[in-house]
Amino acid sequence: NLVQLEGQKILRSKGILAFDNDDDRYVFQGVHMMLEGDHQRKWKDGEPRQSRLVFIGRELPEQEIRDGFERCIVS
């Protein structure tokens, strides 16, 4: 949804995602609306399983982006 709505404003994106019930880290990167990603490796013992995302862009709606990802969190 973010890329579809704001893709032209996103210059670069990258991150590591932790999916529920998935023992592998998912790594992605993108330029504008082109994204690619794949499972990288297993999470190491003791490594915090947390998603980390970075977006570089112009006039991105920061709070909307934060709120959107917060709705994806499984606790």
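The values are calculated or read from the model by the stated rules, or taken from the named source; none is laboratory data. Bear in mind the structure is a predicted one, so any value in this text is a computation, not a measurement. Every residue, glycine as well, gets a Cβ built from its backbone with ideal geometry; the counts of neighbours run over all protein chains shown.
Return the total of residues in region 48-75 being under 13 Å from L17 (Cα atoms) and over 14 Å from the mean Cα position of the chain (by Cα).
So the count comes out to 2.
Mind counting the residues in region 40-51 that are closer than 20 Å to I65 by Cα and exposed (fewer than 11 other Cβ atoms within 10 Å of the Cβ)?
Keep residues of region 40-51 that are closer than 20 Å to I65 by Cα, which gives 50-51.
Still in the list and also exposed (fewer than 11 other Cβ atoms within 10 Å of the Cβ): 50.
Residues flagged as closer than 20 Å to I65 by Cα and exposed (fewer than 11 other Cβ atoms within 10 Å of the Cβ) within region 40-51 amount to 1.
In region 54-75, how many residues are in contact (Cβ under 8 Å) with a residue 40 or more places away in the chain and either out of contact with any Ser or Thr (no Cβ under 9 Å at 6 or more places or on another chain) or loosely packed, with under 14 Cβ neighbours inside 10 Å (or both)? Walk me through it before giving the result.
Here is the first cut: in region 54-75, the residues in contact (Cβ under 8 Å) with a residue 40 or more places away in the chain are 54-61, 65, 68, 74.
Next, only the ones that are either out of contact with any Ser or Thr (no Cβ under 9 Å at 6 or more places or on another chain) or loosely packed, with under 14 Cβ neighbours inside 10 Å (or both) stay: 54, 56, 58-61, 65, 68, 74.
Final tally of qualifying residues: 9.
Taking region 1-30, which residues are farther than 18 Å from G68 by Cα, in contact with a strand residue (DSSP E or B) (Cβ under 6 Å, 6 or more places away or on another chain) and without any contact (Cβ under 8 Å) to a residue 24 or more places away in the chain?
Selection gives D23, D24, R25, Y26, V27, Q29.
Starting from residues that are at pLDDT below 95 and not aliphatic (A, V, I, L, M), keep the ones in region 24-39 and report whichever is surrounded by the fewest Cβ atoms within 10 Å (Cβ to Cβ).
Within region 24-39, the first condition is being at pLDDT below 95, and the residues that meet it are 30-35.
Filter again for not aliphatic (A, V, I, L, M), leaving 30, 32.
Values: G30: 18, H32: 14.
Across region 24-39, the extreme among qualifying residues is H32.
Of all residues in region 34-54, how many are in contact with an Asp or Glu (Cβ under 9 Å, 6 or more places away or on another chain) and of a type in the set (A, V, I, L, M, F, W, C)?
The number of residues fulfilling the criteria is 1.
Please determine, by comparing only the residues of region 10-23 that are part of a strand (DSSP E or B) and of a type outside the set (S, T, N, Q), which one is surrounded by the most Cβ atoms within 10 Å (Cβ to Cβ). I'd like the intermediate steps shown before the answer.
Step one: of region 10-23, the residues part of a strand (DSSP E or B) are 10-17.
Filter again for of a type outside the set (S, T, N, Q), leaving 10-12, 14-17.
Numbers: I10: 21, L11: 13, R12: 12, K14: 16, G15: 16, I16: 17, L17: 18.
In this case the residue turns out to be I10.
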